[in-house]
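J.: Supplied in structure tokens, the structure appears directly below.
The values are calculated or read from the model by the stated rules, or taken from the named source; none is laboratory data. Quantities reported herein were computed from a predicted structural model and do not represent experimental measurements. Methodologically, a virtual Cβ is constructed for each residue, glycine included, from the backbone with ideal geometry; neighbour enumeration extends over all protein chains shown. When the accessible area is computed, the model is the full protein with side chains, heavy atoms only, and any ligands, DNA or RNA have been set aside. Shrake-Rupley method; radii C 1.70, N 1.55, O 1.52, S 1.80 Å.
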Amino acid sequence: MFKDIFNLALLQHTIRTATPLILAAMGGLLTQEAGILNIGLEGMILLGAFFGVVGSFFFGTSAMGVGFAVLSGIIIGLIFAFFVIDLKSDEFVIGIAINMFAGGLTVFLLRSIFGVKGAFSSPKIIALPRINIPILDKIPILNTLLNNHTIFVYVSWILVVLIYIYLYKTAQGRWLRASGEYPEALETAGISPRKMKYIASIMCGILCGLAGAHLSLGYLKLFTEQMSANRGFIAMAAIIFGGGNPIRTALAALLFGFFDALGIRLQAVGIPSQITQMIPYGATVVALVVMTKRKINQTRVKREQINE
Amino acid sequence: MKLVTKERKEYLISLSLSIIISLLMGGVIMLINGKSPIVGYGALLDGAFGSKFKIANTLAKTAPLVMTGLATAIAFNSGISNIGGEGQLYLGAFAAALSGIYLSFLPKSISIIAVILIAGIVGGLYAFIPGILKVKFKVNEVVTTIMFNTIAILFTSYLVNNPFATSDSKMSGTDIIASSFQLDKLVSLTTLNSSIYYVALIVILMYYLMNKTSNGYEFKMVGQNGLFAKYGGVKSGKTMMIAMVISGAICGITGAFEVIGVHYRFLEKISPELAFDGMLVALVVKNNPIGIVAMGLFFAAMKTGSIYMETATGIPSELVKVIQAVIILFIAGENGFKSIYINWKLNRESIKEEN
């Protein structure tokens, strides 16, 4: 039985389940760095999943599906930014409202556009293309593990590196981080923190849209009600776990994807999956306590040094 | 204290505007779908209040929204954000079901009070953890309570599917609770039950707690201005903790009422995000207890009405969720919209003066 659970397919499954988590976590990380705690990731993913199906179904190509998902991401990112940044609304109220809005709107549209309740699938929905890397074909283990995934799996890995470079090696990335931590200083330097926060929110919407498109067009080719299934909150957990670093956040998302994949396999052999599913949330609370404590200690040390 | 202050008047205007605009948007969506908004909203209204049964169902849906709304309000007014209501509700509900199964020897005279106390303690304790983490270690309670929600939902899901699964059917639920723990239905064929009396009592208690006592004064001071309250000698940490535990207890009791009043057992998905809905109710009325009752009734009426609207006109019931979300967005942006309006007015006046 052990071999039925812990095998190569588990790791392959992990890579698959972690992809939407990585994408959404990268988006949430950008807003987090710009000083906004976005708990609307869940709703943004859901919208992306739905509009991905809409685009793919009506235009017959997965590219249009992705296009629609990205567009929905841009729009919801703009709405989020407008309320949080310009209207100075409470960010988590807006986040919750977005989750509620997405939950209601997708089901409403599911029924008024496709006339179905619960789930919609159709052969007319075109899935994301799978990528075959010819060199890997000849390497047995790596082939099963890394080859023939949908394009978003590889895109998500590239994005992690790009976002790392963006945040830490480019001027705009530094401004974006400063807009969260030292907005006044940024303002004095002549750069608008408002603009940086807008950029972060819109990119977050796009990345969550991609995460959603991966869910609905990646392997299953269907949309179901509440398809995001808490992934937005797991992504948030990964961001906190990763302590603001894109690489560590992606690794945390991979780890959480592993527990998710493991849970599904355990369930198949009759072991309750809830316990493994709980691990990401519990671990995040512990990590948050440890990190907050460390941060407080650091500021105390700094203050003492200044006082001396 | 004047009941209708300038601030409140302005707020009521914004609230009415938000609701009207959101309903108009809903009407436009109905039109796009080829349905008449008048027929649609007519059916909604009829579905919410059209008969004794419909009114009873609306009232039954109002109760949990008001409860979780009040739970949100007391926490937020004290400066601590309890987003963990859903988790506290699930644990309270599960504790209530276990009490109803294992304490079945208790006579009815004390069983109900016992179950309310137990669920309240369980919910309160579950809120205590993020509360103490916030007060002692400054750990962001928004994040911890969100995580705690899912942990509680998964944990009860594990319990109800494994050690405590009922043997009499394949549903994910516990056994039926003893009859001494079941609250009477007030109108047959509806979910309205005598928990509504306890809810009314809790509303009155909370109103006094938040408005008339010195504790309530402290709750509000800490919420509105953490710094000021500290200098004024109010212990904000302690107040936050008390508020958080009361908030969790009310959510736990809400869960208990779902078990002893509606389902008579714990079910895996017993709450369709009731605590989230209640939280939004509280946020729309800025945590005012009387407002929570009124807005809770309004949201509940839309909920029951929408189901009838769907069967009568074919307009999907989820439309009201969209409308409610838009109301919340408008209210959350209220101050921002107001300042945009004031700026626009000033601009126009200055242009006039120039001319």
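J.: Please find, within the stretch A:32-53, the residue that is nearest to A:ARG231 (Cα to Cα) out of those that are away from chain B (no Cβ under 14 Å) and either open to solvent by less than 10 Å² (accessible area, probe 1.4 Å) or polar (S, T, N, Q) (or both). Show your work before the answer.
T.: Step one: list which residues in the stretch A:32-53 are away from chain B (no Cβ under 14 Å), which gives A:33-34, A:45, A:48-49, A:51-53.
In the following step, the residues that additionally are either open to solvent by less than 10 Å² (accessible area, probe 1.4 Å) or polar (S, T, N, Q) (or both) were identified as A:34, A:45, A:48-49, A:52-53.
Numbers: A:ALA34: 22, A:ILE45: 8, A:GLY48: 13, A:ALA49: 12, A:GLY52: 17, A:VAL53: 18 Å.
Going through the qualifying residues, I end up with A:ILE45.
J.: Between a first residue in the stretch A:69-98 that is more than 8 Å from every other protein chain (Cβ to nearest Cβ) and open to solvent by 10 Å² or more (accessible area, probe 1.4 Å) and a second residue that is of a type in the set (A, V, I, L, M, F, W, C) and outside any helix (DSSP H, G or I), which pairs have beta carbons less than 9 Å apart while being 6 or more apart in sequence or on different chains?
T.: A:VAL84/A:ILE36; A:ILE85/A:ILE36; A:GLU91/A:ILE36; A:GLU91/A:LEU37; A:GLU91/A:ILE39
J.: Still on this model: Looking at the stretch B:189-196, can you tell me whether even one residue there is open to solvent by 40 Å² or more (accessible area, probe 1.4 Å), more than 14 Å from chain A (Cβ to nearest Cβ) and out of contact with any helix residue (DSSP H, G or I) (no Cβ under 9 Å at 6 or more places or on another chain)?
T.: No - not one qualifying residue is present in the stretch B:189-196.
J.: Continuing with this model, one more query. Restricting attention to the stretch A:106-128, which residues are assigned to a helix (DSSP H, G or I) and either open to solvent by 30 Å² or more (accessible area, probe 1.4 Å) or more than 7 Å from chain B (Cβ to nearest Cβ) (or both)?
T.: A:THR106, A:LEU109, A:LEU110, A:ARG111, A:SER112, A:ILE113
J.: Could you please give the count of residues in the stretch B:133-152 that are open to solvent by less than 30 Å² (accessible area, probe 1.4 Å), touching a Lys or Arg at 6+ places or on another chain (Cβ under 8 Å) and either more than 12 Å from every other protein chain (Cβ to nearest Cβ) or part of a loop (DSSP other than H, G, I, E, B) (or both)?
T.: 0
J.: Write out, first by first residue and then by second, each pair whose Cβ atoms fall under 7 Å of each other, whose residues are 6+ apart or on separate chains, and whose first residue, in the stretch B:51-72, is under 30 Å from B:MET240 (Cβ atoms) while the second is part of a helix (DSSP H, G or I) and among the charged types (D, E, K, R).
T.: B:PRO64/B:GLU258; B:LEU65/B:ASP277
J.: Limited to the stretch B:234-264, what total is found for residues that are of a type in the set (D, E, K, R) and surrounded by fewer than 22 Cβ atoms within 10 Å (Cβ to Cβ)?
T.: Of the residues in the stretch B:234-264, 2 are of a type in the set (D, E, K, R) and surrounded by fewer than 22 Cβ atoms within 10 Å (Cβ to Cβ).
Let's see how each residue does on (1) open to solvent by less than 10 Å² (accessible area, probe 1.4 Å); (2) touching a residue at least 40 places away in the same chain (Cβ under 8 Å):
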| site | (1), (2) |
| --- | --- |
| B:GLY305 | yes, yes |
| B:TYR308 | no, yes |
| B:THR313 | no, yes |
| B:SER317 | no, no |
| B:GLY333 | yes, no |
| B:LYS345 | no, no |
| B:GLU349 | no, no |
| B:GLU353 | no, no |
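J.: Out of A:PHE233, A:PHE241, which single residue is of a type outside the set (A, V, I, L, M) and open to solvent by less than 60 Å² (accessible area, probe 1.4 Å)?
T.: Every option except A:PHE233 fails the conditions.
J.: Looking at the stretch A:182-197 only, could you name the residues that are among the hydroxyl-bearing types (Ser, Thr, Tyr) and open to solvent by less than 40 Å² (accessible area, probe 1.4 Å)?
T.: Passing the criteria: none in range.
J.: Sort through B:THR304, B:THR311 and tell me the only one that's over 23 Å from the mean Cα position of the chain (by Cα) and more than 24 Å from B:SER14 (Cβ to Cβ).
T.: Testing whether each residue is over 23 Å from the mean Cα position of the chain (by Cα) and more than 24 Å from B:SER14 (Cβ to Cβ) leaves just B:THR311.
Residue by residue, here is whether (1) at pLDDT 85 or above; (2) farther than 22 Å from A:GLY43 by Cα holds:
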| residue | (1), (2) |
| --- | --- |
| A:LEU254 | yes, no |
| A:ILE279 | yes, yes |
| A:GLN298 | no, yes |
| A:VAL301 | no, yes |
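J.: Check B:PHE298, B:PHE276, B:PHE330 and return the single one that is touching a Leu at 6+ places or on another chain (Cβ under 9 Å) and aromatic (Phe, Trp, Tyr).
T.: B:PHE330
J.: Could I ask something else about it? Can you pull out the helices (runs of 4 or more DSSP H) entirely within the stretch B:37-102 that have at least 1 residues that are closer than 15 Å to B:MET302 by Cα?
T.: B:37-49, B:52-77
J.: Taking helices (runs of 4 or more DSSP H) that do not extend beyond the stretch B:198-292, which have at least 3 residues that are at pLDDT 85 or above?
T.: Of the helices (runs of 4 or more DSSP H) lying wholly inside the stretch B:198-292, those with at least 3 residues that are at pLDDT 85 or above span B:236-257, B:274-284.
J.: Please state which of the following conditions A:ILE113 fails to meet, knowing it meets all the rest: (1) out of contact with any strand residue (DSSP E or B) (no Cβ under 9 Å at 6 or more places or on another chain); (2) closer than 22 Å to A:ILE75 by Cβ.
T.: Result: A:ILE113 passes all but (1).
J.: For the stretch A:129-167, enumerate the residues that are open to solvent by 60 Å² or more (accessible area, probe 1.4 Å) and among the hydroxyl-bearing types (Ser, Thr, Tyr).
T.: A:THR144, A:TYR164
J.: To continue, here is another question. Restricted to the stretch B:153-168, and to residues that are part of a loop (DSSP other than H, G, I, E, B) and more than 15 Å from B:LEU98 (Cβ to Cβ), which residue is nearest to the other protein chains (Cβ to nearest Cβ)?
T.: Here the answer is B:SER167.
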